[in-house]
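Laboratory data are not the source of any read-out in this text; all were calculated from the coordinates shown. Note that this is a predicted model, so its numbers are computed, not measured. Neighbour counts run over all protein chains shown; Cβ positions are idealised from the backbone, glycine included.
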Amino acid sequence: MRTFKLGLIINPFAGIGGALALKGSDGKEIREKALAMGAEKRANAKTRLALEEIASLHENIEIYTASGEMGEDLSRSMGFNTQVVYQTDPDQTEAIDSQNTAAKLLDAQVDLILFAGGDGTARNIYDIVADQVAVLGVPAGCKIHSGVYAITPKSAGRVVKMLIQGEIVSLSEAEVKDIDEDKFRQGKVNAKYYGEMRVPTELRYIQAVKMGGKESENLVLIDIAAQIIEMMQELPETVFVMGSGSTVATIMQELGLDNTLLGVDLVVNQQLVHQDATENDILNYVEQTPSKLVITLIGGQGHLFGRGNQQLSPAVLRAVGRQNICVVATKSKIQSLQGRPLISDSGDMHLDAELAGLIPVITGYRDQVLYPIAES
């Protein structure tokens, strides 16, 4: 089992104003008032409930976090291998500390950010993370209007456990909302939408996959094609590098374009601009223009690179960038791996290590799962 890199952010003051009817914990004055009135910090205790669900897997987990009450103290006390990426003031933490920690976690290329707090904490993390990495909230605040939170701390831990064990976990877009606490204290609820982050959820099988059979498999492939075509419509100037395999062939078929089944084709604005491209052909495009690489699993072992697509060289993959790799596959194809991770055998060990970790896999129209690429 590969080492799972878990980012952890705890807002230690989350929820302290709730029991005292202070309607939140935003702002230093409110926090000081709550503490003076005898409020207890409970965010770490709630995060402990989540981490207890994965404690038995601690040898396969490395937690990246901030110092003190923002994560380090709890992580070390529970025996997790802990890396501190950001130092906080031991007496007082602010929103900027959550944001700075989130930025450091992105630099560390964690697989998932688990954070404890309320809607204010979700906003802080959204400002830095957006959709760059999957997140999951442990509900610990007074205000939980955002969809990025699990129902309970334990349920958050269970979803993380599924990810660590390599189970197929759906990836959803969830809203980040917050209300104006000052107006809330005046009896006015004014919730505002700020954006969306990607959140892992328990797998929900679509009917076509449950039914099985050739016809339903084709329907799933057409759904995958619809998702990629929608991306092309939204990004008309982007070069889409279309890799090998029957799943990618279906996308080309839905576009009405000729396809090189065992090669690589280049598409711009839904038009074929280069067929059966070589490594140099691809580099000439992707080094000058924004690009996306559409790739599927090759063979029964889950290879992404290094089997039948050598045109996608380390130079090409670096030019495209990991964040622009769009893996496409049906859930039944992912399930056939029986928990084995995807494989990158690019010929560059350093690149393969950089590609390792959880990656979104498009499994239908607006339907994704998170699945790991193996460490080299």
Over 18 Å apart: what share of the alpha carbon pairs of the range 207-373 falls there, rounded to a whole percent?
57 percent
One would report the antiparallel percent of DSSP beta bridges in the range 207-373, rounded to the nearest 5, as 55 percent
Determine the dipole magnitude for the range 298-371: charges of +1 sit on the beta-carbon of Lys and Arg, -1 on that of Asp and Glu, nothing else is charged, the reference point is the Cα centre, and the result goes in debye to the nearest 20.
240 debye
Loop-resident sites, the range 296-376, for trypsin sites (Lys or Arg not before Pro), counting at most 12 other Cβ within 10 Å (DSSP)
366
Towards the positive end of the charge dipole of the chain, with charges on Cβ (+1 Lys, Arg; -1 Asp, Glu), say which of 264, 241, 14 has the farthest Cα.
14
What are the ³J(HN,Hα) couplings of the range 103-116, residue after residue, when phi is run through the Karplus curve with 6.51, -1.76, 1.60 and θ = phi - 60°? Round to Hz, x for glycine and proline.
5, 5, 5, 5, 4, 7, 6, 5, 6, 7, 9, 9, 9, 10
So in the chain, what percent of DSSP beta bridges are antiparallel if you round to the nearest 5?
45 percent
Karplus-derived 3J(HN,Hα), 6.51/-1.76/1.60, for each residue of the range 193-199, Hz, glycine and proline x:
7, 10, x, 9, 10, 8, 10
Check which residues have an amide H placed less than 5 Å from residue 141's amide H, if you skip close sequence neighbours.
117, 118
When Rg is the radius of gyration of the Cα atoms in the chain and Rh is its Kirkwood radius, what does Rg/Rh come to?
1.02
Taking the Cα centre of the chain as origin, sum charge times position over the Cβ atoms of Lys and Arg (+1) and Asp and Glu (-1), and report the length of that vector in debye to the nearest 20.
1260 debye
Formal net charge of residues neighbouring residue 306 (Cβ-Cβ distance under 14 Å; K, R +1; D, E -1)
-3
Interchain or long-range residues, amide H under 5 Å from residue 195's placed H:
176
Apply 1/(1 + (r/R0)^6) to the Cβ-Cβ distance of residue 106 and residue 276, taking R0 = 45 Å, and write down the FRET efficiency to the nearest 0.05.
0.75
Give the long-range amide H neighbours of residue 83: residues separated by 5 or more places, or on another chain, with amide H under 5 Å away, using H modelled in the peptide plane at 1.01 Å from N.
63, 64, 65
Going by how many other Cβ atoms sit within 10 Å of their own, how do 64, 86, 193, 365 line up, fewest first?
193, 365, 86, 64
Beta bridge orientation in the range 276-374: antiparallel %, DSSP, nearest 5
50 percent
Residue by residue through the range 52-66, what is 3J(HN,Hα) from phi via Karplus (6.51 cos²θ - 1.76 cosθ + 1.60, θ = phi - 60°)? Round to whole Hz and write x for glycine and proline.
4, 5, 10, 4, 5, 9, 4, 5, 9, 10, 10, 9, 10, 7, 9
